[in-house]
Each structure stands twice: as structure tokens, then as C-alpha cells.
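First up is the structure itself, then whatever we jot down about it.
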There are 2 protein chains.
Amino acid sequence: MPQHPHPAIGLQVTSLDTPSLLVDLDRFERNVAAMAAYCERVPVNLRPHAKTHKCPEIARRQVEAGAIGITCAKVGEAEVLVEGGLSDILIANEIVGPQKIERLMALARRADMMVAVDHPRNVEALSDATVRAGARLRVLVDVDIGMGRCGVPPGDAAVELAQHVARVPGLVFAGVMGYEGHTVDIPDRSERRQKTTEAVAHLLETKDRIERLSIPVEIVSGGGTGTYDITGPFGVTELQAGSYIFMDTTYRKVLQGFEHALFVLATVISRPTARRVITDTGVKTFAGDYGQPAFRDIPDATLESLSEEHGNFLLNEDSDVPELGEKVILMPGHCCTTANLHEEYYVIQDGRVVDVWPIAARGKSR
Amino acid sequence: MPQHPHPAIGLQVTSLDTPSLLVDLDRFERNVAAMAAYCERVPVNLRPHAKTHKCPEIARRQVEAGAIGITCAKVGEAEVLVEGGLSDILIANEIVGPQKIERLMALARRADMMVAVDHPRNVEALSDATVRAGARLRVLVDVDIGMGRCGVPPGDAAVELAQHVARVPGLVFAGVMGYEGHTVDIPDRSERRQKTTEAVAHLLETKDRIERLSIPVEIVSGGGTGTYDITGPFGVTELQAGSYIFMDTTYRKVLQGFEHALFVLATVISRPTARRVITDTGVKTFAGDYGQPAFRDIPDATLESLSEEHGNFLLNEDSDVPELGEKVILMPGHCCTTANLHEEYYVIQDGRVVDVWPIAARGKSR
């Protein structure tokens, strides 16, 4: 934590150099509160995914608002979160190989760690390491509920792996995990609901089969921002949603319950024609994996292309504005990969910078 | 520069944690030498683009091999390059707004700086700042030769802007720049040659028209890795090519003259089926803007998807290898945006780490 206030604090937003990543504090706080209230109402536990923000300050605020802990994808992210004071962390991923497991054990001595598994050899490696380290590690069996990525199939394979986890020393079998990544962005809401419940039903059937063997399944983990209100009431015990805090143009297309809270301040560096606007923000500012950035205040502009360092927009009619040198506000296409390109969030309220939050886990993909 | 050798130096490649970004030193050096030899032969000057590597160590090696200077896209990159000892730098971009121009002036007092312009108001702002700073700034007129991004049209508009630059105090009119970004990756070589020469002809005509006004045009800057051998012999005086040092799966499709020298070491973290291989490398390791990563040593695997932290590959037949936990080597789809996600290059020779080069300008998009 810096000992002196960041020099940007107190500046007007438009006094920041560009590109700068902005968090609208009021909108962010409303998003955090809205998801917390939803989860309390269902009720379902919330363990929000830190891959979206990679920022211990935000994780702490999510926990203060009622989250039971934090989800992340990598040991490197967990290291930053534990360093930042978070104490109950699910790495919703397979942690494979001696180097990663050694780092995981160092964390397990300091915090309550949980990981996913989908292979008996990995279970044994984790068990051995946990015993040697004198640590405690909770484990979820990762079930592939249709995404076709990691995970064992629902049913027999998952039940056998759960039995294996429950049997080996050192590990605590905590439950099952399944991510409906193939359904979170289906645009049609009723189709999304149907496909999501079909997917999660596999997870719940697997849970029931494990419990029939007298192995308690404390946790059923799943649910993204696009499906939290489908899986939450349907039997999932912990939601992993992450993007709800920021939103982006992609999630906006399928979901209205949360507000855009993440923006990029850009400068117009070229106006080659009365229709064309070039900003100083390309795929090195926005990522380019998913969805497209858009102006916050010019709804009818079309993104023609993103180069590495340029956004190339066409207005729908000739215009003098935005003019050369003007600072403009853009909305990312994908909040998670955009945040991973930046060093800090400039936290904005009433047009001024009120705080700067380091993105301490940026790039921590190991 | 670190005072102690990096602890990774001497390790076997497969002892590195993953994901790690690797530079194959021999291949890299052959690429650097091949481009230098080509440029000497034509002859044409080489001012390679540092957006590809963002690494002063690599820039120094390019200059040692004969490059006349370095190209970059942002003031923040130039700051890192000047700090790293580079002294002749083209920011091949419009530098707009008082904050950026102030930082540019700080650089112009320490190094020989050159920028692109496409608007008279920007020319005046640069002129005023240069006069106030008592600095010297070389300026290229940016000509849009068909890409439709920044730049003035060829012909009258470019000639007028050149006259304007030549007239105002403080600035040194150095020439013209045009980037044929719309032709560098046309797969068919003869079509690429035709479209590229059409584009560059506009730039050369503009040059001739400016010279007829007795304004010397010292520099005609252009040429990417996909077109260097078209524009180099065609009248461009400085090539901006960058990717030739590393190559990637995208450039490999259109160009055979250079070798893959940039790789990512990954771990197989899941083998859900005998066909499916999941690595710990997604768009937060590879970017996702352009092209797709591929295994170096498994040519017939298909990338099914890249999530944020997972690569999802299908083998073309059932196989036990690569096995769970195995470290595998991948080739990026786009070298420039991939390098921008990492902190350092692990430099590899004969299977061992021989050096570690910091990617000091990573994320320097301001």
C-alpha cells in the first residue's frame, strides 16, 4: 500500500493522461451491493471471481459486502490475494506440476485454500504434498457440464474421483464444481435458462450420487454473471460470477441487471475525415478476444477496427466532435481481459479521481 | 539492469514454471542478421518497430546489427527505450495533447526524436512546445496510403501539411510515412506485391511533389514484416518491420524468410479425453486479437478454443501424449500482443536459459 496519497487523487477525470482505466465508484458499489442483496435473498453464497479485477482492494470490498471468499484461476492470483489479506480462496482450476503445487502449499499454510481436480494422479500429488506440508487443502471435483474444457464427465467418473479425494490423506473433499461457460452468453434469455439448467442438473445429480455414498457435498460451485440468477436458485451453493462488478459491451447484450462501471479514458489523436475518429486505444488497451469497445457518449458510432494502439471509429454522420485532442470515454468489450492489460484503476466519483487501486495480480498467469 | 544474474539462468527450459515466454536465441539472432543483411543488400535503412518486443535489450541488438534507430508507437515506449540507451527514435504515431507533448519534449532533450503528424493544429502545438523547450524534433507527414486509419490523403493535403511543417519554427521536416497495414498479410504473394506497390506509389508520388517545392524529403518510412521486400526495393528509405525477429503463426502463413523464435512454455493441466489437451495458457497469455497459437511439436493438433487461462486443443487421434503435467511448447498467433502480456523473455539456447530480458515497455500504452 502506498504511504502517500497517489498524485492523481483529486484530479478531474479529463486531466488524466490516456489511456487510463476508470472505475465509476458509485456504479461499482451499486453492482457489488446488488449482487450481495440478490445472493442474500435466494439465499446462495457468493465467491466472486477475481480474474475480472485482479485487485485485492476490490476483493476486500466484495467480502465486506457479504461474499464468503474469493475465486481465482491461478496460483499467482491467489498469492496476490493472500498477500492482500484475503483468507478463503478457491482456485477454480487444476493445479498441476510440482512447482505449482509447492506454491499452493505455501499458500495453504497461510490461508484457507481450495482447488479443483479432474484426474486421480493430480489428487495423489496434492495429497502427498499436503501431508508433507502439514497443510489443509479443500478440494472440489471439477465436472464438465457441457463446456468441453477441463473436468470429468458427470456421473460415474465424478463419483469415483470424489471417493478418491475423500479417501486420500491430507485432502478435504468439499464438493463439486461445474462451469456453464457454454451458456453464459446465449443471447436469448429463455434458451439460456434452459441450457443452463440442463447443464447444472448434471452437477446436481452427481452431487446426489456422491451424497448417497455418505460423502457430504458441502459445496456446489458454478454460475457466471450471465447465469447467476438461473443457477443460484437451482441448487448451486456458491456463485463464481465476476464480471457483474464492471460489466462490458458483451455482457450488456445479454443482461440488464448491472451497470457499466469500467471505462477507458482515451484521446482522439486523429480526425482524418468528418466521419472517422481515431483514438489512442487498441488491443493493447482493450484486449481483442471478445466483444468490441464502444463510446459511452456516442451511441451511434461504429468500431471499424482495433489496431494494437488505435481505435478506428466511424460516426454515423459528419461531425466536428469529438475533436482532435478531446478526451473521450470508452466501454470495454470484455472487462476481464481489459483489466489484465492495465496497472491500476483510477476510481472516479463526481468527475474526479477519488482513489487509485493497483491491479496487483495483472499478468499473474502462473 | 540486475546486478546479480537472474536465478533462472542455467536452468533447463522445462524447469521453468509456466506459462513462460521463451526466445530461441539462435533463431532470433538469425532473424536479426537476415533482415540486416537484406537491408544492406537493397540498400534500405532499417528502423525496426519496438512494439513487437518492447525490450531495450532487443532494440540495442537490432542497432548493433545495423539498424539506424528504432520505431515505436507510444511516448511511454520511447521513454523506456531512451532510458535503455537508444538515441534515435521514431514514434510512428500522432502525439496529441499537452501531457503527451510535454513528455515528448523531455525525451527530445535527451535523444533524437521523430514523430508523425496528420493535422495542422498538432503541427502548431508541437512547434510551440519545441520552441519553448529549446528542443529539436524531426517530423514525418503521415500519409494514409489505403489503410484508412491515421494520416492525410496522398497528394495536395500531404504536400500542404509538409509545407506547414517546413515553415513553422522548431520542427524539422524529415519526410513522409505511410503504413500499408491493409496489405501486409494478404496471403497471395503476387496480390500482396501488387496492392503494396499501389499503396506505396501514392507515398512516393507525394514525396516527389514535396521535393518539387524544394523541400528535401530525407525519409520515406513504411514497410512491415509482410512487405519489407516489396517496399524496400521500391523507394521506401526506412523499413519499420518488427515481427521478423520473432514471427508467429499468422505471419508464417504469408512469409517463409524468417524463423519462429518466440514460444510459450505451457503445462498440460487436464487430459479429459484421449483427444483433448488443456494447457494453462489462454488469452491472458497469448492475446486473442489475431491468429491462433499452435503446438510447436504436435503439428496436427487443432485449437478448439482459448479461454482466459486455458488452451483447449484436440489431437487428430487418440494419444497418451502429451500427458498430464507435461510441459509443452506453443507458438503464438500474434507475437506483438503476446509479448505485451509478459514481464520477461527467457532466452533459450541448447535447451537451457542463457539470459532473461525484461519486457520493460510492456503495457506502456500512454
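The values are calculated or read from the model by the stated rules, or taken from the named source; none is laboratory data. This is a predicted model, so every value here is computed, not measured. Don't worry about glycine lacking a Cβ; one is built from the backbone with ideal geometry, like all the others, and counts go over all protein chains shown. For accessibility, only protein heavy atoms count, side chains too; no ligands or nucleic acids. Shrake-Rupley method; radii C 1.70, N 1.55, O 1.52, S 1.80 Å.
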Taking B:Arg109 as the residue in question, decide whether it is within 10 Å of chain A (Cβ to nearest Cβ), open to solvent by 20 Å² or more (accessible area, probe 1.4 Å), in contact (Cβ under 8 Å) with a residue 24 or more places away in the chain and charged (D, E, K, R). no
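Does A:Val139 fit the bill of being closer than 15 Å to A:Ala92 by Cα and open to solvent by less than 10 Å² (accessible area, probe 1.4 Å)?
When the stated conditions are applied, A:Val139 passes them.
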Just checking, does the stretch B:256-268 include any residue being over 15 Å from B:Gly226 (Cα atoms), facing chain A (nearest Cβ under 9 Å) and at pLDDT 95 or above? yes
Give all pairs with beta carbons closer than 6 Å in which a residue from the stretch A:188-213 that is more than 18 Å from A:Gly226 (Cβ to Cβ) meets a residue that is small (Gly, Ala, Ser) and outside any loop (DSSP other than H, G, I, E, B); count only pairs at least 6 apart in sequence or on separate chains. A:Thr206/A:Ala158; A:Ile210/A:Ala162
Residue set A:Thr337, A:Thr273, A:Thr285; condition in contact with a Phe, Trp or Tyr (Cβ under 9 Å, 6 or more places away or on another chain) and of a type in the set (S, T, N, Q); output residue A:Thr337
For the stretch A:1-24, name all the residues that are without any contact (Cβ under 8 Å) to a residue 60 or more places away in the chain and surrounded by 14 or more Cβ atoms within 10 Å (Cβ to Cβ). A:Asp17
Quick one: would you say B:Val123 is crowded, with 20+ Cβ neighbours inside 10 Å, out of contact with any helix residue (DSSP H, G or I) (no Cβ under 6 Å at 6 or more places or on another chain) and under 27 Å from A:Phe313 (Cβ atoms)? no
Condition first: within 13 Å of another protein chain (Cβ to nearest Cβ), closer than 22 Å to A:Val117 by Cα and surrounded by 24 or more Cβ atoms within 10 Å (Cβ to Cβ). Now tell me which residues in the stretch A:53-78 satisfy that. A:Thr71, A:Cys72, A:Ala73, A:Lys74, A:Val75, A:Glu77, A:Ala78
Which of the residues belonging to the stretch B:229-244 are over 12 Å from B:Gly178 (Cα atoms), not in a loop (DSSP other than H, G, I, E, B) and not hydroxyl-bearing (Ser, Thr, Tyr)? B:Asp229, B:Ile230, B:Gly232, B:Pro233, B:Phe234
The one condition in (1) open to solvent by 10 Å² or more (accessible area, probe 1.4 Å); (2) away from chain B (no Cβ under 14 Å); (3) outside any helix (DSSP H, G or I); (4) over 20 Å from A:Ser221 (Cβ atoms) that A:Arg27 fails to fulfil: (3)
Residues satisfying the stated conditions in the stretch A:326-351, i.e. surrounded by fewer than 18 Cβ atoms within 10 Å (Cβ to Cβ), more than 20 Å from the chain's Cα centre (by Cα) and within 13 Å of chain B (Cβ to nearest Cβ): A:Glu326
If I ask for residues that are within 11 Å of chain B (Cβ to nearest Cβ) and either touching a residue at least 24 places away in the same chain (Cβ under 8 Å) or touching a Gly at 6+ places or on another chain (Cβ under 8 Å) (or both), which ones from the stretch A:81-106 would you list? A:Ile91, A:Ala92, A:Asn93, A:Glu94, A:Ile95, A:Val96, A:Gly97, A:Pro98, A:Lys100, A:Ile101, A:Glu102, A:Arg103
B:Ala50 among the small types (Gly, Ala, Ser), within 14 Å of chain A (Cβ to nearest Cβ) and in contact (Cβ under 8 Å) with a residue 12 or more places away in the chain: yes
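I'd like to verify a number: residues in the stretch B:133-158 that are in a helix (DSSP H, G or I) and free of Cβ contacts under 8 Å to residues at least 12 places away in the same chain, how many?
2
Restricting to the stretch B:343-366, and then to whatever is assigned to a loop (DSSP other than H, G, I, E, B) and among the charged types (D, E, K, R), can you tell me which residue is farthest from B:Ile70 (Cα to Cα)?
Pass one, the stretch B:343-366, residues assigned to a loop (DSSP other than H, G, I, E, B): B:343, B:350-351, B:359-366.
Add one more test, that the residue is among the charged types (D, E, K, R), and what stays is B:343, B:350, B:362, B:364, B:366.
Values: B:Glu343: 21, B:Asp350: 29, B:Arg362: 16, B:Lys364: 16, B:Arg366: 18 Å.
Only one residue tops the list, namely B:Asp350.
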Looking only at residues that are assigned to a helix (DSSP H, G or I), in contact (Cβ under 8 Å) with a residue 40 or more places away in the chain and more than 14 Å from B:Ala261 (Cβ to Cβ) in the stretch B:30-47, which one is most open to solvent (accessible area, probe 1.4 Å)? B:Tyr38
Only unsatisfied item for A:Pro272, checking (1) under 27 Å from A:Arg362 (Cβ atoms); (2) within 11 Å of chain B (Cβ to nearest Cβ), is (1)
Considering only the stretch A:148-188, state which residues are under 21 Å from the mean Cα position of the chain (by Cα) and open to solvent by 70 Å² or more (accessible area, probe 1.4 Å). A:His182, A:Pro187
Yes or no: the stretch B:356-365 includes at least one residue that is over 14 Å from the mean Cα position of the chain (by Cα), under 30 Å from B:Lys100 (Cα atoms) and either at pLDDT below 95 or open to solvent by less than 10 Å² (accessible area, probe 1.4 Å) (or both). yes
